[in-house]
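See below for the structure under consideration.
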Amino acid sequence: MRVAAATYLKNFTRRNLETRLCSSEVYKEFRDQLAQALLRVEPAILRVLIEVFRQVVEKDFVKDNLWPELIPQLKLVIQSSNLISPGQHPEWNTINALTVLQSVVRPFQYFLNPKVVKESVPQQLEQIAAEILVPLQVTFHHFSDKVLLSPDGTNLEYEQLLLITCKCMYFTVRSYMPSRVKQILPSFCKDMFRILDSLNFNSLIEDGSTMKLKIAKRCLIIFCALVTRHRKHTDN
């Protein structure tokens, strides 16, 4: 029933987002309530509602740049979520929060104005990098330690967080290179090398190592983007 309701909301939003059938105040309340709900729902509902959120983000934050409070609020949520700051806000799920971040940064994987020669980094992406991705690098290192020091498959939550963070980083650098990301590249790349170095291809792949292989694949994709798009930053 809840999945069906979430699916109805997704389809309703897709049909009516541009026409705005309600006042701006009601719409903003809907937007805020949707963002709050994403932090608490179970995975099955999250997979549906995140598509609703993605539509809202692409219009309000990326295209129109009319959601200035989004990044400061998301930064607070991530820093206070259950796996990063246990005990502060146990109702804020870290996996959900980073999934929200992934949806926010996803549209920037492509140039917003591809016909513009040497398009500058969008201000929104610079803000994401400065306020969220730079502090998140320390967390990425911490989670990497937890995963690499444990047997495969015993820290699935942290492995999932590593994968989502890698996806966020990939979407960030696939086309653009925010100025603050340059500062964390050495540390971030070092952790990715550690993850790749931990792989063992001399034995059969077990179910518990599947997630780590996905993380490693994403690390390689990031390295490819860095070399092909941002060679001058990666050669140093």
Degrees, to the nearest 10: 43-56 long Cα axis against longest axis of the chain: 60
Debye, to nearest 20: dipole size of the chain, +1 on Lys, Arg Cβ, -1 on Asp, Glu Cβ: 780
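Restricting to Cα atoms and excluding each atom paired with itself, what does the Kirkwood estimate give for the chain in Å?
Numbers: mean 1/r = 0.0529 Å⁻¹.
Result for the chain, one decimal place: 18.9 Å.
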Ellipticity estimate at 222 nm from DSSP helix runs (n ≥ 4, -39,500 (n - 2.57)) divided over the chain, nearest 500: -20000 deg cm²/dmol
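Among the listed pairs LYS146/LYS214; LYS75/LYS217; LYS10/LYS75; LYS146/LYS190, give every one whose C-alpha distance is greater than 21 Å. The partial results should precede the final answer.
Values: LYS146/LYS214 17 Å; LYS75/LYS217 27 Å; LYS10/LYS75 25 Å; LYS146/LYS190 16 Å.
In this structure, LYS75/LYS217; LYS10/LYS75 exceed 21 Å between Cα atoms.
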For segment 115-234, the spread of Cα positions along each principal axis, largest first, Å: 48, 26, 21
For segment 79-99 versus segment 118-132, the gap between their alpha-carbon centres in whole angstrom: 24
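Let me have the relative contact order for segment 115-234, percent, based on Cα pairs under 8 Å that are six or more residues apart. Walk me through the numbers on the way to the answer.
Details: 91 pairs, mean separation 42.2, N = 120.
Dividing the mean separation by the residue count of segment 115-234 yields 35 percent.
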Dipole magnitude of segment 115-234, debye to nearest 20 (Cβ charges: Lys/Arg +1, Asp/Glu -1, about Cα centre): 740
Leading residue at positive end of dipole, segment 115-234 (Cβ point charges), from PRO135, MET192, ILE221: ILE221
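Every read-out reported here was derived from the displayed coordinates using simple, explicitly stated rules and does not represent laboratory data. Everything quoted here is computed from the prediction, not taken from an experiment. Ideal geometry is used to build each Cβ from the backbone, glycine not excepted, and the neighbour counts take in all protein chains shown.
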